[in-house]
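Chemist: Here it is, the structure in full.
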Amino acid sequence: MNHHVVSHHALMPIALRPEHIVMARGEGSWLWDEQGRRYLDMVQGWAVNSLGHGHPALVAAITAQAHTLMNPSPAFYNRPAMTLAHQLAESSGLAHVFFANSGAEANEGAIKLARKWGRLHREGAWKIITFADSFHGRTLATMSASGKAGWDTMFAPQVPGFPKARLNDLASVESLVDAETVAIMLEPVQGESGVWPATPAFLQGLRALCDREGMLLICDEVQTGVGRTGRLFAHQAAGVAADIMTLGKGLGGGLPLAALLASESASCFAPGEQGGTFNGNPLCVSAGVAVMTEIGRSGFLQEVAAKGANFAQGLRSLAERHTLGEVRGEGLLLALELGDRDGAGLVTRARDRADTGLLINAPRPHCLRFMPALTISREEIDQCCAMLDELLAG
């Protein structure tokens with residue numbers, strides 16, 4: 001098929017995409033478009049490509065599985081799903097795993113599970129306290145759970161039952177708890193609002209509040225999980241246990257894969273209450289096994305933490321040199337406040353810079369977010385900082 005005859009016009013316009021760029025190939029931290037132009041990719045599909053583009057272990061796992069079995073249906077067990085469920089249960093301390101296709105679907109499942117648990121154990125309690133500026137997905141229920149500005153009216157009416165507290169303000173959470181509250185749901189680091197971490201003391205306070213009131217703590221680790229912050233799961237840094245945890249993005253290394261995990265006491269779905277025809281298919285789950293195996297290698301997570309600290313220091317040097325704001329985040333999920341500079345304009349100039357493009361993300365008008373591959377090299381981090389230095393000086 002002639003590339004130049006087929007245009008983008010048949011694709012629904014759900015994103016503002018640059019018309020002159022069609023991505024064709026990726027390797028590690030690099031992307032190439034159809035014109036052969038090269039880009040240093042510090043977004044990686046929004047923290048999806050945890051091992052970078054085309055990682056050999058991932059490619060080998062997917063290829064072998066595609067030759068063997070892609071989808072026998074969720075009516076039967078398959079070996080990759082059993083293997084990955086075991087890996088996740090062992091590493092999280094949670095008992096049961098349900099596989100889904102997206103973080104939103106996993107979060108939707110967590111909401112359903114909490115409501116079912118409330119019916120069984122908390123006299124029909126159904127409300128879930130969430131947070132201002134949070135992001136949990138794009139289904140109607142997960143948009144309602146999200147605290148993203150403007151989302152309450154976009155597809156109104158909302159799904160009820162998600163009162164909003166303020167991150168790192170325990171009193172704001174306590175004031176919302178009533179007899180109908182079944183759970184508290186949060187991201188250990190709010191990614192979409194500009195990488196705002198929950199403090200360890202706040203997470204510990206939420207755990208104590210849930211224990212005291214007989215409620216569930218739900219950790220949405222869709223963006224922060226699977227090694228992104230230098231730990232396998234971000235909430236582990238606070239030494240707390242979640243009753244329910246969701247994973248997505250980096251879990252499939254680029255393939256659509258998400259997971260809903262629950263403790264034995266919180267896992268209360270009966271057969272028929274949760275499902276999906278693609279869920280737990282061997283092809284996608286085999287990618288998850290490869291990702292977890294690579295991340296589980298000796299020293300891998302320590303290296304993510306070390307590279308993250310190195311990158312954060314580089315960004316702080318830039319902030320000092322160009323009079324910008326603070327650097328936030330852990331591991332390889334970082335944000336740089338730009339002061340009065342235009343984030344969206346910087347993203348465009350970085351992408352279109354002469355010679356080599358740089359792909360970065362501005363979740364807010366004056367803030368950049370970085371979500372590179374966990375396998376990024378220190379040289380590539382330095383290259384990113386050098387490119388930013390040049391752009392900020394221009």
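Chemist: Of the numbered conditions (1) surrounded by fewer than 24 Cβ atoms within 10 Å (Cβ to Cβ); (2) farther than 27 Å from His86 by Cα, Arg207 satisfies every one except a single condition; which is it?
Modeler: The failed condition is (2).
Chemist: So how many residues does the range 1-44 have that are modelled with pLDDT of 95 or more and of a type in the set (Ser, Thr, Tyr)?
Modeler: 2
Chemist: What number of residues in the range 227-277 are part of a loop (DSSP other than H, G, I, E, B) and within 30 Å of His53 (Cβ to Cβ)? Spell out how you get there, then give the answer.
Modeler: Step one: filter the range 227-277 for residues part of a loop (DSSP other than H, G, I, E, B), giving 227-233, 239-243, 248, 254, 256-257, 263-277.
Okay, now just the ones that are also within 30 Å of His53 (Cβ to Cβ), so 227-233, 248, 254, 256-257, 276-277.
Matching residues across the range 227-277 total 13.
Chemist: Here are the criteria: (1) farther than 28 Å from Val195 by Cα; (2) touching an Asp or Glu at 6+ places or on another chain (Cβ under 6 Å). Tell me which single one Arg122 does not satisfy.
Modeler: For Arg122, the exception is condition (2).
Chemist: Oh, and also: Taking the range 93-109 on its own, how many of its residues are touching a helix residue (DSSP H, G or I) at 6+ places or on another chain (Cβ under 9 Å) and either crowded, with 22+ Cβ neighbours inside 10 Å or of a type in the set (A, V, I, L, M, F, W, C) (or both)?
Modeler: 11
Chemist: I need the full set of residues from the range 1-57 which are over 21 Å from the mean Cα position of the chain (by Cα) and of a type in the set (Ser, Thr, Tyr), in order please.
Modeler: Those that are over 21 Å from the mean Cα position of the chain (by Cα) and of a type in the set (Ser, Thr, Tyr): Ser7, Tyr39.
Chemist: Do you know which residues across the range 100-144 are touching a Ser or Thr at 6+ places or on another chain (Cβ under 6 Å) and either acidic (Asp, Glu) or part of a helix (DSSP H, G or I) (or both)?
Modeler: Once the filter is applied, which keeps residues that are touching a Ser or Thr at 6+ places or on another chain (Cβ under 6 Å) and either acidic (Asp, Glu) or part of a helix (DSSP H, G or I) (or both), the range 100-144 yields Ala104, Ala106, Asn107, Glu108, Ala110, Asp133.
Chemist: Among the residues of the range 110-124, how many are touching a Phe, Trp or Tyr at 6+ places or on another chain (Cβ under 9 Å) and surrounded by fewer than 24 Cβ atoms within 10 Å (Cβ to Cβ)? Even if it seems obvious, please write down each step before you answer.
Modeler: Residues of the range 110-124 touching a Phe, Trp or Tyr at 6+ places or on another chain (Cβ under 9 Å): 111-116, 118-119.
With surrounded by fewer than 24 Cβ atoms within 10 Å (Cβ to Cβ) added as a condition, the list becomes 112, 115-116, 118-119.
Of the residues in that region, 5 qualify.
Chemist: When residues of the range 234-260 are filtered for being within 21 Å of Leu58 (Cα to Cα) and not aliphatic (A, V, I, L, M), how many remain? Lay out the reasoning, then the answer.
Modeler: First, pick out the residues of the range 234-260 that are within 21 Å of Leu58 (Cα to Cα): 247-259.
Subset that is not aliphatic (A, V, I, L, M): 248-250, 252-254, 256.
Total meeting the criteria: 7.
Chemist: While we're here: Can you pull out every residue in the range 54-81 that is free of Cβ contacts under 8 Å to residues at least 24 places away in the same chain, surrounded by fewer than 13 Cβ atoms within 10 Å (Cβ to Cβ) and closer than 18 Å to Leu255 by Cα? Even if it seems obvious, please write down each step before you answer.
Modeler: So in the range 54-81, the residues free of Cβ contacts under 8 Å to residues at least 24 places away in the same chain come out as 56, 59, 63, 67, 75-77.
Next, from what is left, pick out any that are surrounded by fewer than 13 Cβ atoms within 10 Å (Cβ to Cβ): 56, 63, 67, 75-77.
Within the range 54-81, Pro56, Thr63, His67 meet the criteria.
Chemist: Let me ask you something else. For the range 338-394, enumerate the residues that are acidic (Asp, Glu) and under 19 Å from Gly314 (Cα atoms). Outline the logic, then answer.
Modeler: Quick first cut of the range 338-394, residues acidic (Asp, Glu) only: 340, 342, 352, 355, 379-380, 382, 389-390.
Passing the criteria: Glu379, Glu380, Asp382, Asp389, Glu390.
Chemist: Being over 29 Å from Leu257 (Cβ atoms) and of a type outside the set (A, V, I, L, M) narrows it down to one of Gly214, Gly137, Gly161, so name that one. So that I can check it myself, show each step before the final result.
Modeler: Numbers: Gly137 fails: over 29 Å from Leu257 (Cβ atoms); Gly161 fails: over 29 Å from Leu257 (Cβ atoms).
Just a single option satisfies the conditions, and that option is Gly214.
Chemist: Output the helices (runs of 4 or more DSSP H) that fall wholly within the range 1-99 and possess 1 or more residues being more than 30 Å from Ala266 (Cα to Cα) and of a type outside the set (D, E, K, R), or say none. Before the answer, list the steps.
Modeler: Numbers: elements: 44-47, 56-68, 79-92.
Those helices (runs of 4 or more DSSP H) span 44-47, 56-68.
Chemist: With Ala149, Ala89, Ala141 as the choices, which residue is assigned by TED's automatic domain parsing to the domain that holds Gly272, in contact (Cβ under 8 Å) with a residue 12 or more places away in the chain, in contact with a strand residue (DSSP E or B) (Cβ under 9 Å, 6 or more places away or on another chain) and not polar (S, T, N, Q)?
Modeler: Working: Ala149 fails: in contact with a strand residue (DSSP E or B) (Cβ under 9 Å, 6 or more places away or on another chain); Ala141 fails: in contact with a strand residue (DSSP E or B) (Cβ under 9 Å, 6 or more places away or on another chain).
Being assigned by TED's automatic domain parsing to the domain that holds Gly272, in contact (Cβ under 8 Å) with a residue 12 or more places away in the chain, in contact with a strand residue (DSSP E or B) (Cβ under 9 Å, 6 or more places away or on another chain) and not polar (S, T, N, Q) holds for just one of Ala149, Ala89, Ala141, which is Ala89.
Chemist: On the given criteria, is Gly147 on the phi > 0 side of the Ramachandran plot, surrounded by fewer than 24 Cβ atoms within 10 Å (Cβ to Cβ) and part of a loop (DSSP other than H, G, I, E, B)? It would help to see each step written out before you state the result.
Modeler: Details: on the phi > 0 side of the Ramachandran plot: no; surrounded by fewer than 24 Cβ atoms within 10 Å (Cβ to Cβ): yes; part of a loop (DSSP other than H, G, I, E, B): yes.
In short, no.
Chemist: Consider only pairs whose beta carbons are under 7 Å apart and that are at least six residues apart or on different chains; among these, list those whose first residue lies in the range 152-176 and is at negative phi and whose second residue is basic (Lys, Arg).
Modeler: Pro163/Lys127; Ser172/Arg166
The values are calculated or read from the model by the stated rules, or taken from the named source; none is laboratory data. Source: prediction; values computed, not measured. A quick note on method: Cβ atoms are made from the backbone with ideal geometry, for glycine too, and the neighbour counts reach across all protein chains shown.
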